[in-house]
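Below is one structure, written out as structure tokens; comments come after it.
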Amino acid sequence: MPPKKDSPEQLLIAAAQKDPARFAELYEENFERIYAFVARRVRNRDDAEDITAEVFRDALSNLARFEWRGAPFAAWLYKIAANAIADRWHRAAKEQATVAADPPDSSAKIDPEEIERRTRLFRMVADLPNDQRRVIEMRFADGKSIREIAQELRRTDGAIKQLQFRGLRNLKDAMGKTRGRKGAVQVRSNG
């Protein structure tokens, strides 16, 4: 029986273990899915960005200890992310005498299909024209009102509504192209 051939991901991990500069390829391949995983749990964009950066920093510093066992590299990153989220919550709880909110459920089942749907959505948003992308991010990721966005971007409420409408329409069109593929992302307008 011929020896089992190493997977491309396994070869990339081995290369990154020998030369940390090769870790950039693993980062590029996994960034969006890890960010989506974190953002779904912390719901604060700044915290999600910080935790995602922390995940990849920890992964790079511990890469030499990573052992290939046949599971995707992303599974290891998800575990690091879940621990980073829990650590962040515990630090915040210690800083505050009372914590009003429940901790995020870092032990929640990881749904790869949901993460992949969110990853596709993040990519589609990133591909929008710059003004539409900024409005969509501010409106839906940051939870800002039309008026707040208009003030920040120094535009009228009507201009922001139009950019939101066009952005959502472009996202819907992009998703229509992926229709028929399992797990198409749903986007709806909040007025």
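No lab work stands behind these numbers, since they all come straight from the coordinates. Quick caveat, the model's predicted, so the values are computed rather than measured. For neighbour counting, all protein chains shown are included, and Cβ atoms are generated from backbone atoms with ideal geometry for every residue, glycine included.
For the stretch 21-52, a tally of residues being exposed (fewer than 13 other Cβ atoms within 10 Å of the Cβ) and either touching a residue at least 12 places away in the same chain (Cβ under 8 Å) or under 25 Å from Glu114 (Cβ atoms) (or both) returns 3. The set of residues in the stretch 112-149 that are buried (at least 19 other Cβ atoms within 10 Å of the Cβ) and either more than 23 Å from the chain's Cα centre (by Cα) or over 30 Å from Ala74 (Cβ atoms) (or both) comprises Val135, Ile146, Ile149. Checked against the criterion of being among the basic types (Lys, Arg) and closer than 21 Å to Ile85 by Cα, the stretch 42-55 contains one or more residues that satisfy it.
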